[in-house]
Amino acid sequence: MDRNEKIFAAVDIGSTKIVALAGKKNDEGKIQIIGLGHSASRGVNRGVVVNVEETFAAISNAVGQAERDCGHDITDVFVNISGQHLITLTSKQQKNLGNDPVTESEVAQMMEQAKSVKLDEGMFIYHINHESYTIDDEPVPHGVVGSVGKKMEGTYKIHVAPDSYQRNISKCFEGGAIRVRKAILDPIASSEVVLLEEEKEAGVALVDIGGGTTKISIFYDGVLCFTSMVPFGGNVVTKDIREGCSITAKDAESMKLQFGQAIADFAPENKVVTIQRNGWEPKQMSFKSLAHIIQARMEEIVVHFFYQIRKSGYADKLGAGIVITGGTSLLPNLSQLIKFHTGFDVRIGKPNLNNFVPRKEVYDPRFATVLGLLTMAVADGGNWKGKQRKSKKKAESGGPGIISKVQTKIVQTVISFFDENTADSDMSDPDKF
């Protein structure tokens, strides 16, 4: 592998898992995934980093696996931004025009003016996009550049969240000497590989039902118009099964994945699952009873995210319906349950891998965000160069990548500690030792 070729990397920081991908462009222009790593998420609550040290350790694990898989060090990454306090603001701007056609420079100036909206202290603009333009109060649906008139108006959607979201994520990577090249909003990243352009134009709600959160984003006329979050997801289903059956969380999760479904009426009447328990009598539960537990909690989740859709003001503009993604979207019959409660057409948003060299492990809604991030990283281009490992033996031991960087940081901290204590001590007085 050419040590000077461009290597791109992405990390999805979720509430239950952290996934790292490394990729490169092949001769056909497709993205080839050459490194994959994942670990259980730590220090993350509802999509937000709350403990930098714990999250750093989990990221190091995932990135270290991806580095060993591809034989390159990862030095730059695209990461996702999410959180309960991500909100969408609307800004309207106008500009008086002369007799000349509208230029790209004038459009860019108007967008900069939109960014000057007053924000609450501690908030930061993570993304901005135009929603619509008018010239002399007439809509301009297909690009305003080149239009002629006396007055141009633009409506913009500004997506803001606490600046601490990005700051804490950057700290997690700084410990491994990795630069966060860009922090991308979760829905923008996942929409890259899950939604079709015609769906974004017609109006679609993308609902990402993860382990710890359910994220709602609405696209209309091709742009992100609304974002929100329900602060629970598939993990509450697991918790209900655990408590209802008096079993471990691990067994409850296994039951949900292997035998669960979202509609109890579809569950077989005569099938049971047996749970083996160390030192205790085995427990049995019918498929139907399990489905009743799951359906009750999933209906609660649907009610909450559908409330957010109605509150957005775009519920009557969802021509393409609802697309569900995330790990919980794989629950059998969930699409039918959502359609029953909302009246919208529903499909599962599995990643579109047309621009990728096929790799079976990632053809799964759970990888939608990280695949979208990697797609955007490759599209961004930039002068990314993968630093190739020198030997297989070195790669297996962690090599010069993130594992080595972590070890170096620990050693430097220990040395610094003893240097400071030695400097503070009076070595000339033997009674002090």
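Values in this text are rule-based calculations from the coordinates and carry no lab data. Predicted, not measured: the structure shown is a model, and the values here were computed from it. Reconstructed Cβ throughout: ideal geometry from the backbone, glycine too, with neighbour counts over all protein chains shown.
Working from the pairwise distances between different alpha carbons, so that the mean of 1/r is found and then inverted, what is segment 1-133's Kirkwood radius in Å?
18.2
Just to be sure I understand: with springs between alpha-carbon atoms less than 10 Å apart, which residue in Thr238, Thr325, Thr227 has the highest mean-square fluctuation in the Gaussian network model of the chain?
Thr238
Applying the Karplus parametrisation 6.51 cos²θ - 1.76 cosθ + 1.60 with θ = phi - 60° to the phi angles of segment 49-55, what ³J(HN,Hα) value in whole Hz is obtained for each residue in order, glycine and proline being reported as x?
Taking θ as phi minus 60°, the curve returns 6, 10, 9, 4, 5, 5, 5 Hz for segment 49-55.
Among Glu153, Glu197, Glu361, determine the one that fluctuates most according to a GNM of the chain built with springs between C-alpha atoms less than 10 Å apart.
Glu361
Calculate, for Asp345 and Gln276, the FRET efficiency according to 1/(1 + (r/R0)^6) with r their C-beta to C-beta distance and R0 60 Å; round to the nearest 0.05.
0.90
Given a Förster radius of 51 Å and the C-beta distance between Met123 and Gln258 as r, what FRET efficiency does 1/(1 + (r/R0)^6) yield to the nearest 0.05?
FRET efficiency, Met123 to Gln258: 0.75.
Can you give the alpha-carbon Rg of the chain over 2.2 N^0.38 Å, where N counts its residues?
1.14
Once you've got the GNM for the chain with C-alpha springs shorter than 10 Å, pick whichever of Ser15, Ser289, Ser60 has the biggest mean-square fluctuation.
Ser289
Dividing the convex hull volume of the alpha carbon atoms of segment 104-214 by its residue count, what do you get in Å³ per residue?
Convex hull volume per residue, Cα atoms: 165 Å³.
Provide the descending list of Cα extents for segment 229-348 along its principal axes, expressed in whole angstroms.
Principal-axis extents of the Cα atoms in segment 229-348, largest first: 56, 29, 18 Å.
Determine the gain in length on full extension of the stretch Glu104-Ala40; use 0.36 nm per residue of separation and subtract their C-alpha separation, reporting nm with one decimal.
Full-extension gain reported as 18.5 nm.
If you rank Val302, Val63 by fewest surrounding Cβ atoms within 10 Å, what's the result?
Val302, Val63
Under 5 Å between amide hydrogens, which residues at least 5 positions from His72 or on another chain qualify, with H placed 1.01 Å from N in the peptide plane?
The answer is Arg389.
Remind me, relative contact order of the chain in percent, using alpha carbon pairs under 8 angstrom and six or more residues apart?
Computed value for the chain: 20 percent relative contact order.
Between Ala296 and Glu138, what FRET efficiency follows from the Cβ-Cβ distance if R0 is 56 Å, with the result rounded to 0.05?
Efficiency, from the Cβ-Cβ distance: 0.65.
For segment 87-162, calculate the relative contact order in percent as a whole number, restricting contacts to Cα pairs under 8 Å that are 6 or more residues apart.
With pairs under 8 Å counted, the relative contact order is 50 percent.
Starting from the Cα of Lys283, step 7 Å toward the Cβ, then list every residue of segment 245-269 with an amide N under 12 Å from that point.
The answer is 245-253, 255, whose backbone nitrogens lie closer than 12 Å to the label point.
Based on the Kirkwood radius over alpha-carbon pairs, what is the Stokes-Einstein translational diffusion coefficient of segment 87-162 at 10 °C with 1.306 mPa s viscosity, in µm²/s?
123
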